[in-house]
Amino acid sequence: MRTAVCPGSFDPITYGHLDVIGRAARLFDRVIVAVFQNPGKQPLFSLEERLELARQAVAEWPNVAVETGEGLLARFAAARGACALVKGLRSGADFDYEAPMAHMNARLAAEVDTVFLAARPEHAFISSSLVKEVAGHGGDVRAFVPPHVEAALKRKYAR
Ligand code: PNS
């Protein structure tokens, strides 16, 4: 059984994330979407909300589970017997952000490799941050997030 972990803050989960998760689910036997707190970011959605939005989004894939991540990602992945961390790359800037983490995670857990999947061109401009900005100004985000995430964004910004 080959297990991969798809980590992130998922604030909120987008079609870009889902494309990477879906492709990982075809490449690996089991995928764990790990929803982490990123200390460098102030999230819009609570950890519980992000977890629930992600759970609903991946419900159609029987080999994908969603968990909260705590502590070191490398330790989280090794504890679950994962052989890979799967991340999407949209650009060189993403690579510059991800490469040091990949090297550090490899030092922390040599048995867990980082695998980068190139974002599909139609998703390369989607980010949770931009989706929040557009939704916060009342823009249409239906092309970027599933309907239940769009509804959650509307509820958040209606307050
Ligand atoms: O979606 P994000 O915010 O880019 O995801 C970043 C995340 C959660 C993958 C990263 O912050 C992380 O790995 N956090 C877990 C703590 C950890 O292991 N830090 C050391 C990374 S080398």
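Tabulated results
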| read-out | value |
| --- | --- |
| Loop GluC sites (Glu not before Pro), the range 55-107 (other Cβ atoms within 10 Å of the site Cβ: 16 or fewer; DSSP) | E60, E70 |
| Residue-averaged [θ]222 nm for the chain, counting only DSSP H segments that reach four residues, each worth -39500 (n - 2.57) | -13500 deg cm²/dmol |
| Top positive-direction residue, dipole computed over the chain with Cβ charges, set G139, A119, V5 | G139 |
| Where Rh is the Kirkwood radius over Cα pairs, Rg/Rh for the range 39-99 | 0.98 |
| Cross-link reach list, aspartates and glutamates versus K87, counting only Cα pairs under 19 Å and skipping chain neighbours closer than eight places | D11, D19, D29, E67, E70, D96, E98, E111, D113, E122 |
| Dipole magnitude of the chain about its Cα centre (Cβ charges: Lys, Arg +1; Asp, Glu -1), debye to nearest 20 | 120 debye |
| Modelled FRET efficiency - R0 22 Å, A143 with Q42, Cβ distances, 0.05 increments | 0.30 |
| Between helix 47-57 and the chain: long-axis angle, C-alpha atoms, 0 to 90°, nearest 10 | 90 degrees |
| Tilt relative to the chain, helix 15-27 - C-alpha long axis, 0 to 90 degrees, to 10 | 30 degrees |
| Accessible area of the chain belonging to carbon and sulfur atoms, whole % at 1.4 Å probe | 55 percent |
| Candidate residues M104, M1: accessible-area rank, largest first, probe 1.4 Å | M1, M104 |
| Partner lysines for K156 [C-alpha distance under 22 Å; skip if fewer than 8 residues away on the same chain] | K41, K132 |
| Where the range 56-99 is the region considered: accessible area per residue in Å², 1.4 Å probe | 53 Å² |
| Relative contact order, percent, the chain [alpha-carbon distance under 8 Å, six or more residues apart] | 28 percent |
| Descending semi-axes in whole angstrom, ellipsoid equivalent of the range 3-158, from the Cα gyration tensor | 25, 16, 15 |
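The values are calculated or read from the model by the stated rules, or taken from the named source; none is laboratory data. Not measured: the values here are computed from a predicted model. Note: ideal-geometry Cβ built from the backbone for every residue, glycine included; neighbour counts use all protein chains shown. In case anyone asks, the SASA skips ligands and DNA or RNA and just uses the protein heavy atoms, side chains included. Shrake-Rupley method; radii C 1.70, N 1.55, O 1.52, S 1.80 Å.
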